[in-house]
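Contents: one structure, followed by commentary.
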Amino acid sequence: MDLIFVADFFDDRGGAEMDDGILIDYLQGAGHSVKKVLVHEVNAALLNTNSDKTFLISNFVGLSEQSKKDIIVSKVRYVIW
C-alpha cells in the first residue's frame, strides 16, 4: 500500500514524533511505501496527484482550514493517527 504520512515534524524530538517514527518504521518493514509530507505542504494539488494513496494524518490541528476542506472535497482515503 502506498501511504502519505502527514505530520508537523519528522525527527526525534520526543512525544508524537517518536510515535510517528515507530509507526513509519513498522509500515515500511511490512512492505508499505511511505512518503513523508509536512502539514504545511498539504494542498489540493498534492491530494489530486496522490488520490490513489492513503493519507495518514498525524497532526490534523496543524493543517490549514483550506487543507482540511481540500481533503474532504478530494475524497482521498485518510486516517487520523
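Out of curiosity, is Met18 loosely packed, with under 14 Cβ neighbours inside 10 Å and in contact with an Asp or Glu (Cβ under 8 Å, 6 or more places away or on another chain)? Please lay out each step first, then the result.
Values: loosely packed, with under 14 Cβ neighbours inside 10 Å: yes; in contact with an Asp or Glu (Cβ under 8 Å, 6 or more places away or on another chain): yes.
Criteria met by Met18.
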Looking at (1) in contact with a helix residue (DSSP H, G or I) (Cβ under 9 Å, 6 or more places away or on another chain); (2) open to solvent by 60 Å² or more (accessible area, probe 1.4 Å), which is the only condition Ser74 fails?
(2)
Whichever residue in segment 13-43 is among the small types (Gly, Ala, Ser) and modelled with pLDDT under 95 and, among such residues, is nearest to Leu3 (Cα to Cα):
Gly21
Does segment 27-71 hold any residues that are in a strand (DSSP E or B) and either crowded, with 18+ Cβ neighbours inside 10 Å or among the aliphatic types (A, V, I, L, M) (or both), and which are they?
Val34, Val37, Leu38, Phe55, Leu56, Ile57
Considering only residues that are small (Gly, Ala, Ser) and in contact with a Leu (Cβ under 8 Å, 6 or more places away or on another chain), which ones fall in segment 56-80?
Ser74
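The values are calculated or read from the model by the stated rules, or taken from the named source; none is laboratory data. Here the structure is a predicted model, which means the values were calculated and not measured. Virtual Cβ from ideal backbone geometry, glycine too; neighbours counted across all protein chains shown. Only protein heavy atoms, including side chains, enter the accessible area calculation; ligands, DNA and RNA are left aside. Shrake-Rupley method; radii C 1.70, N 1.55, O 1.52, S 1.80 Å.
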